[in-house]
Amino acid sequence: MTQPAYALDAARRRVVLELLRAVCLFRGWSLLAAHVRTNHVHAVVHGEATPEKMMHSFKSYASRALNDFAVDAPGRKRWARHGSTRWLRERDGIAAAIRYVVYEQGTSMAVYEQAIA
């Protein structure tokens, strides 16, 4: 990294969480769970795109939203070049991922879990 690590405070975490929900709505994806932490983001998403495409969309839109929030210096880098992505195909794997994201990250920060009807 060419800049110090980026930390998401409570306000920035809320911006990123709302952005994840908005991108999913816009793209027709279902956000099943998300947890925005101080130094990384977890999301479990169902949709017609690769995990890499979803991650790229989230990073791009989140950067724009944080730029609009106008609390960082121009040109501030926030994200690593890549990230961890996985395909989840089995119901048990999806449920385990949701549990991990929502309940197994330590202190809850900006968390979203889709309500099951």
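All of the numbers you see were taken from the coordinates with simple rules; none came from a lab. Quantities reported herein were computed from a predicted structural model and do not represent experimental measurements. As a convention, Cβ positions derive from the backbone with ideal geometry for all residues, glycine included, and neighbour counts pool all protein chains shown.
Note on the chain: dipole from Cβ charges, positive end direction compared against HIS46, TRP29, VAL16; the farthest Cα belongs to VAL16. The magnitude of the dipole of the chain, with charges of +1 and -1 set on the Cβ of Lys/Arg and Asp/Glu and taken from the Cα centre, is near 280 debye.
In loop segments of region 8-117 as defined by DSSP, the GluC sites (Glu not before Pro) with at most 11 further C-beta atoms inside 10 Å of their C-beta are GLU48, GLU90, GLU104. Cα gyration tensor of region 53-117, axes a ≥ b ≥ c as square roots of the eigenvalues: rounded (a/c below 1.5), prolate (a/b > b/c) or oblate? Because a/c hits 1.5 or more and a/b exceeds b/c, region 53-117 counts as prolate.
Taking trypsin sites (Lys or Arg not before Pro) in DSSP loop conformation with at most 14 other Cβ atoms inside 10 Å as exposed sites, the chain has its longest uninterrupted site-free stretch at 1-75.
Neighbouring Cβ atoms within 10 Å as the yardstick, rank PHE69, PHE26, PHE58 fewest first. Walk me through the intermediate numbers first.
Details: PHE69 13, PHE26 10, PHE58 22.
Ordered from fewest to most neighbouring Cβ atoms within 10 Å, PHE69, PHE26, PHE58 come out as PHE26, PHE69, PHE58.
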